[in-house]
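Before I ask anything, here is the structure I am working with.
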Amino acid sequence: MELREIFEKSWYPLFSAILGFVIGISLVILLGINPLKVMAILIISLSSRMALSEIAVAFPACLFCALSFLLTFRSGIFNFGTPGQYVLGALCSTIFGILFDYHPLINIPLALLSGFLGGALWALPAAFLKWRRNINEVITTLLLSFTAPIFGIYIVKLPGIKDPTRVNIIASLPVNESAKLPSLMPGVGVNSSLLLALIAAILVYILLWKTRIGVRIRATGLNPMAARYHGIDTDRVMFMTFLLSGGLAGLGGACYILGTAHAYYARTFIGLSGYGLSGIVAAFIGGVHPVGSIFSALFFSTLMVSGLMLNIKAKVPVDYVVLIQGVILAFVAMPLLIRGALKRLGGIK
Amino acid sequence: MISEILSVSLIATTISFTAPLILAALGGLVADKSGVPNVAIEGMIYLGGIVAIIVCFFTGDPWIATFVTAAIGALLSYILGLICVKEAGDVVIGGFSINFICWGLAPTLSLMIFGSKGMTPMVSGFPPIRVSIIEEVGALKEILSQTPLTYLTFLILILLYILMNKTKFGKHVIASGLDPFVADTQGVDVFKVRYLALMISGVLAAIAGAEYSLGIIHRWSLGLSAGRGFIAIAAYLFGRRRPLETTGACFLFGFLEALSIRLRQVLGWMHGATEITQMLPLILTIIILGIVGKGEFMKFAKPYRRE
C-alpha cells in the first residue's frame, strides 16, 4: 500500500528530474561544448569501476543529507542548514577520531555520535529561535551554513588538530585507525557507511510512518493548527525534529570523514558546495520520502561523480552539477506545469 | 587599540559596504511587499559579481558591465517569476533553484573564462570619485571618496521611495501583497505587478553584486556574497518590512561588516583572526534577529493562483 503510493506520486519528481537533467545537460551548449559528447562521456565513464566506487562513497553522505532535509520538511520546516550541519558533523567526528583511541567497537559508535551531536549543535540556534521567537528558519539556517565552513577552517588550524606536515593545504591530522569505518569491499572504497545510511533511511521511515512521534511530526507539517487542537505540542515537535535532522546531516559528514576521507580537508568544505546541497534536491526528487530518497540519493551521487568525470574528460567544471541540480529543482517547484505536461502526454493523472 | 579600530576609514568602509546591502534589501523588500519574496538574492549577487567582472575585463568599461549585470539580474528574476508567479510554485523552492543555478554557474564561468575556479584576475572597476572642493578636509574627503555606484545607490534609494509611496505602481504592489484575490478583483494585474516587483529586486541584487566585485574587491572570488543575500533578507525582516527601518538595519549590518574588516587588520597577528572576523557579521546577524524578531511577520507569503 505504502510503497504503491510512493511510486504513484513519484511520477512528478521523476519526470522533473529527467526534464531538469536533460535541460541542464543541454545548457552546456552555452559554454561551447557539445551536449551529446557530454552524454557519451557520462555513459562510458560511469560504467567504469572507479566511478562505481566513487558513487558508493558519495551515496551515504547524500542519503543522510536527504533524510535530514525530508525529516524537517515533513514537520513543516525548511532546514537549509543541511550543508552546515554536514560540515559540523565531519568536523566533530574528525576531532573525536584524532583525540580518542579506544577499541574500535566503542570508538566508532562514539565518533559517529560526536558527528551526530555536532550536526544537532549547529541546528540548535535555528531550532531554538524558531521555537522561542518564531524566527524564519530559512534565513537562520542559511546564515549558519555559511558560517560552518569558516568555523571548520578555524578549528582545523588549531595546534593539535592541524597536520603540521601539510604546508600547502589546510588539513587536519588523520583520524586514528580505531575510528575508521570498516571496509566492505577492500580496495574499492565501499565502506560500511553505505549500510549505515540504508539503515538510517529505514529507521526514518519507521519513525515517520510507524510510530506515534511520526504521526505528530506529519500532523504538525500538514496542518499545525489542527495538530495543536489535538493536543500536539507543535513547537516542541518542530524543535526536536529540527535537532534530529541536524544530527542526521552530521552523521552524513561523520560517515564521509570516518569512511572515506579520514581527515578534514578544508578545501572540500568550501561554501555551500557538496553533499549538503545535493541532499536537499535529492529529498525533493525522492518525493520527500525515505524510501524514495534512497533512489534519488543514488541518482544525485551518480550526478556528482559524473561531474568529476566530466571535469577530467570534457573540461566541464565540477560546479556545473550544481547548475543541473538547480534546473531540476526549478521543475520540482512547478508541480502544476509538470502535471499539465503529463496530462498532455496522456494517461497519468 | 579602540582608537585604531574606530577611525575615519571605518565610516568610509561602512558606507561602501552598506550601499550594496541597501540595494539588495530594498529590492527584496519590494518583491516581498508584492507577495513573492525573492529568496534568490544571494545567488543574484553572486552571479552579478562575476558577470560584472567578465564584462569589465573584456570591455574595460565598468558602466557597460553594470548595465549587462542589471540585464542578467532581470533575466534571472524573470525566470524566477515564471516559476513563482506564472506557475504558482513555492517561493522558497523556486528561489533556491535560482540560487543553485547561480552557485553552479558562477564558478563554472570563472573556470571557463579565466582558468581559475576560485578567483578571477583583478579588474580596475570603478575608481572612487574625488571631491575636489573639500580636498583639505581630510576626514570628509575619505568618507566621500566612494565609487559612483555607491552614490547611485542613494539615488536609487530616493527613486524607490518615490516609486513605492507616490505612484500607482507602489499601491498596486502593496495591494497584491496584502490580498492578491481582492487586488485581482479590483482590476490590479497581480501577475504583472509581481513580475515587475521581482525584476526590480533582481536588477538591484545584481547591481549589488557588481558593487561588491567592481567597487570593493575588484575581482570575483568564491566567497563574494558569503551569505550577504540572506543578510539583506534579514535586514528587511529586522526592519519590519518598512523602508526606513530597513535602511537603518542595512547601516547596522554594513557597520558590522566594516568593523569585522577593521578588526581583521588590527588583530591580524592573532591565531584565526581571519576566520573569527569572517564569522562575526553572520553570527551577529543571527543574534540580532533573535533579539528583535518575533511573531508572524517572519513568514513568507504563499503564491497566488487564479481559481
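What do you reckon, is A:Glu54 surrounded by fewer than 18 Cβ atoms within 10 Å (Cβ to Cβ) and either at pLDDT 80 or above or assigned to a helix (DSSP H, G or I) (or both)? Step through it out loud before you land on a result.
Details: surrounded by fewer than 18 Cβ atoms within 10 Å (Cβ to Cβ): no; either at pLDDT 80 or above or assigned to a helix (DSSP H, G or I) (or both): yes.
In short, no.
Another question, if that's okay. Which pairs turn up if I take residues in segment A:22-36 that are within 18 Å of A:Lys313 (Cβ to Cβ) and look for partners that are of a type in the set (Ser, Thr, Tyr) with beta carbon separation below 6 Å, at least 6 apart in sequence or on another chain?
Taking only residues 6 or more apart or on different chains, the pairs are A:Pro35/A:Ser26.
For segment B:61-97, what are the residues that are more than 19 Å from the chain's Cα centre (by Cα), in contact (Cβ under 8 Å) with a residue 12 or more places away in the chain and more than 24 Å from A:Ile285 (Cα to Cα)? Walk me through how you get there before you give the answer.
Within segment B:61-97, the subset more than 19 Å from the chain's Cα centre (by Cα) is B:61, B:64, B:82-90, B:93.
Checking the rest, the ones that are also in contact (Cβ under 8 Å) with a residue 12 or more places away in the chain come to B:83-86, B:88-90.
Residues satisfying the conditions do not exist here.
Out of B:Ser176, B:Ser225, report the one residue that is within 29 Å of A:Leu142 (Cβ to Cβ), assigned to a loop (DSSP other than H, G, I, E, B), hydroxyl-bearing (Ser, Thr, Tyr) and modelled with pLDDT under 90. Let's see the steps before the verdict.
Numbers: B:Ser176 fails: assigned to a loop (DSSP other than H, G, I, E, B).
Result of the check over B:Ser176, B:Ser225: B:Ser225.
Go through segment A:295-333 and report how many residues are surrounded by 21 or more Cβ atoms within 10 Å (Cβ to Cβ), β-branched (Val, Ile, Thr) and part of a helix (DSSP H, G or I).
7
Determine the pairs where a residue that is without any contact (Cβ under 8 Å) to a residue 24 or more places away in the chain, located within segment B:177-199, has a partner that is among the small types (Gly, Ala, Ser) and surrounded by fewer than 23 Cβ atoms within 10 Å (Cβ to Cβ) with Cβ atoms under 6 Å apart, the partner being 6 or more residues away or on another chain.
The qualifying pairs are B:Ala183/B:Ala175; B:Val188/B:Ala175.
Could you list, in sequence order, all residues of segment B:255-271 that are within 12 Å of another protein chain (Cβ to nearest Cβ) and crowded, with 17+ Cβ neighbours inside 10 Å?
So the first thing to find is which residues in segment B:255-271 are within 12 Å of another protein chain (Cβ to nearest Cβ), and the list is B:260, B:270-271.
Hit for segment B:255-271 is B:Ser260, nothing else.
Next question, about the same structure. Applying the selection to segment A:117-138, what residues are within 17 Å of the chain's Cα centre (by Cα) and either surrounded by 24 or more Cβ atoms within 10 Å (Cβ to Cβ) or under 17 Å from A:Met238 (Cβ atoms) (or both)?
Residues satisfying the conditions are A:Gly118, A:Gly119, A:Ala120, A:Trp122, A:Ala123, A:Val138.
Sticking with this one: Search segment B:100-109 for residues being more than 7 Å from every other protein chain (Cβ to nearest Cβ) and surrounded by 24 or more Cβ atoms within 10 Å (Cβ to Cβ), and hand back the single one that is nearest to B:Ile54 (Cα to Cα). Spell out the reasoning first.
First, pick out the residues of segment B:100-109 that are more than 7 Å from every other protein chain (Cβ to nearest Cβ): B:102, B:106, B:109.
Remaining after also requiring surrounded by 24 or more Cβ atoms within 10 Å (Cβ to Cβ): B:102, B:106.
Values: B:Cys102: 15, B:Ala106: 11 Å.
Of everything passing the filter in segment B:100-109, B:Ala106 is nearest to B:Ile54 (Cα to Cα).
Any idea which residue in segment A:28-86 is farthest from A:Leu222 (Cα to Cα), counting only those that are in contact with a strand residue (DSSP E or B) (Cβ under 9 Å, 6 or more places away or on another chain) and of a type in the set (A, V, I, L, M)? First the steps, then the outcome.
Keep residues of segment A:28-86 that are in contact with a strand residue (DSSP E or B) (Cβ under 9 Å, 6 or more places away or on another chain), which gives A:52-53, A:56-57, A:60.
Add one more test, that the residue is of a type in the set (A, V, I, L, M), and what stays is A:52, A:56-57.
Numbers: A:Leu52: 39, A:Ala56: 34, A:Val57: 35 Å.
By that ranking, first place goes to A:Leu52.
Need pairs with beta-carbon distance below 8 Å; first residue within 7 Å of another protein chain (Cβ to nearest Cβ) and within segment A:133-152, second in a loop (DSSP other than H, G, I, E, B) and aliphatic (A, V, I, L, M); sequence gap 6+ or separate chains.
So the pair list comes out as A:Val138/B:Val39; A:Phe146/A:Leu272; A:Phe146/B:Ala226.
Could you go through segment B:116-125 and let me know if any residue there is at the interface with chain A (Cβ under 10 Å from one of its Cβ atoms) and either modelled with pLDDT of 75 or more or part of a loop (DSSP other than H, G, I, E, B) (or both).
Taking segment B:116-125 first, the residues at the interface with chain A (Cβ under 10 Å from one of its Cβ atoms) are B:117-118.
If we keep only those that are either modelled with pLDDT of 75 or more or part of a loop (DSSP other than H, G, I, E, B) (or both) as well, we get B:117-118.
Yes; the residues of segment B:116-125 include at least one that is at the interface with chain A (Cβ under 10 Å from one of its Cβ atoms) and either modelled with pLDDT of 75 or more or part of a loop (DSSP other than H, G, I, E, B) (or both).
Can you report the number of residues in segment A:264-294 which are part of a helix (DSSP H, G or I), more than 29 Å from A:Ala171 (Cβ to Cβ) and not aliphatic (A, V, I, L, M)?
Restricting attention to segment A:264-294, the residues satisfying the condition of being part of a helix (DSSP H, G or I) are A:266-269, A:275-285, A:290-294.
With the extra rule that they be more than 29 Å from A:Ala171 (Cβ to Cβ), the set shrinks to A:283-285, A:290-294.
Subset that is not aliphatic (A, V, I, L, M): A:284, A:290, A:292-293.
Number of matching residues: 4.
Would you be able to tell me the number of residues in segment B:38-94 that are in contact with a Pro (Cβ under 9 Å, 6 or more places away or on another chain) and assigned to a loop (DSSP other than H, G, I, E, B)?
Residues in segment B:38-94 being in contact with a Pro (Cβ under 9 Å, 6 or more places away or on another chain) and assigned to a loop (DSSP other than H, G, I, E, B): 4 in total.
Suppose we filter A:Gly221, A:Gly231, A:Gly247 for residues that are at positive phi and out of contact with any Cys (no Cβ under 6 Å at 6 or more places or on another chain); which single one remains? Steps first, answer last, please.
Details: A:Gly221 fails: at positive phi; A:Gly247 fails: at positive phi.
Checking each option against the conditions leaves just A:Gly231.
The values are calculated or read from the model by the stated rules, or taken from the named source; none is laboratory data. Note that the structure is a prediction, hence the values are computed from the model and not measured. Don't worry about glycine lacking a Cβ; one is built from the backbone with ideal geometry, like all the others, and counts go over all protein chains shown.
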